[in-house]
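Visitor: Would you mind keeping the following structure in view while I ask a few things?
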Amino acid sequence: MRSIGKLMRSISREPGAERAHLKIGVLALHGAVIEHIATLRSIGVEGVPVRLPEDLEGLSGLIIPGGESTTMRKLSARWGLREPIMDLARSGAPILGTCAGMIVLAKEIAGGEEPVFPLLDVTVERNAFGRQLDSFEMDLSVPILGDRPVHAIFIRAPIIERVGAGVEVLARLPDKRVVAVRQRNVIALSFHPELAGETRIHRLVVTMATEYAEPAEGSVAGAAPWSAGGAA
């Protein structure tokens, strides 16, 4: 099994020819779709808008962007995306959720809302920092991405109130509130790396997607080494 530490060390490399064929989907129901696709393009990877179940075919990973989680909930149900996305995650493909993407990936949403894609064993509080006017930016320590801090942009951001067993905390605010987590092949952030010119998270997803698409010799095809047992 390749360690997550080795995966992290590889994200600073420039994308090679072996990544040129990769396709990473961006759920295109609402939010910062163009920005995520542009970030993927900047590191040499094709980003594919996902609006219908057939758009998931041939993808090696999926990004669920920020936006309006209620809209995502309604449209994903209307267009039959819920089970196909859950199946993609269970197969071991990396899934990244940013801001509202964190909300729709949570198993529990404060206030009792029904989960959308319950892949992360966390409880999330939406709009934890208040209104749009209360949005803010800060340099945030994310140790798995190296010593250089991430410039994090928080816009009506959620916060994680509870972290379940098997969930790794990737970043906290100075007051110790959790704003980034990973559970096997699923990563979620309260903030927007795609709006800050930050590419390291996307590079990590691409590295995970490469191993998902081309597992090491002796591995089961499509079963990423860090996702034993599938997604939560």
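The values are calculated or read from the model by the stated rules, or taken from the named source; none is laboratory data. Since the structure is predicted, the reported quantities are computational estimates derived from the model, not experimental observations. Here the Cβ is made from the backbone with ideal geometry for all residues, glycine too, and neighbour counts use every protein chain on show.
Visitor: Residues in segment 122-136: is at least one free of Cβ contacts under 8 Å to residues at least 40 places away in the same chain, surrounded by fewer than 15 Cβ atoms within 10 Å (Cβ to Cβ) and of a type in the set (Phe, Trp, Tyr)?
Guide: yes
Visitor: If I filter segment 68-84 for residues that are at pLDDT 95 or above, surrounded by fewer than 18 Cβ atoms within 10 Å (Cβ to Cβ) and in a strand (DSSP E or B), do I get at least one hit?
Guide: No: segment 68-84 contains no residue that is at pLDDT 95 or above, surrounded by fewer than 18 Cβ atoms within 10 Å (Cβ to Cβ) and in a strand (DSSP E or B).
Visitor: Within segment 137-173, count every residue that is small (Gly, Ala, Ser) and under 17 Å from the mean Cα position of the chain (by Cα).
Guide: 4
Visitor: Which one of Gly92, Gly111, Gly47 is in a loop (DSSP other than H, G, I, E, B) and over 18 Å from Arg156 (Cα atoms)?
Guide: Gly92
Visitor: For segment 139-169, enumerate the residues that are in contact with a Leu (Cβ under 8 Å, 6 or more places away or on another chain) and in a strand (DSSP E or B).
Guide: Leu140, Val150, His151, Ala152, Ile153
Visitor: Going through segment 89-110 one residue at a time, which ones are more than 28 Å from Phe136 (Cβ to Cβ) and either among the basic types (Lys, Arg) or surrounded by fewer than 21 Cβ atoms within 10 Å (Cβ to Cβ) (or both)?
Guide: Correct list: Arg90, Ser91.
Visitor: From the list Ala209, Ala180, which residue is among the hydrophobic types (A, V, I, L, M, F, W, C), at pLDDT 95 or above and part of a helix (DSSP H, G or I)?
Guide: Answer to the selection: Ala209.
Visitor: So, one more: Can you name every residue in segment 51-61 that is touching a helix residue (DSSP H, G or I) at 6+ places or on another chain (Cβ under 6 Å) and either under 14 Å from Pro193 (Cβ atoms) or not hydroxyl-bearing (Ser, Thr, Tyr) (or both)?
Guide: Listed by number, the residues that qualify are Pro53, Leu56, Gly61.
Visitor: Something else: Which residues, taken from segment 76-112, are more than 23 Å from Val205 (Cβ to Cβ), of a type outside the set (Phe, Trp, Tyr) and in contact with a Lys or Arg (Cβ under 8 Å, 6 or more places away or on another chain)?
Guide: Glu108, Ile109, Ala110, Gly111 - these are the residues of segment 76-112 that are more than 23 Å from Val205 (Cβ to Cβ), of a type outside the set (Phe, Trp, Tyr) and in contact with a Lys or Arg (Cβ under 8 Å, 6 or more places away or on another chain).
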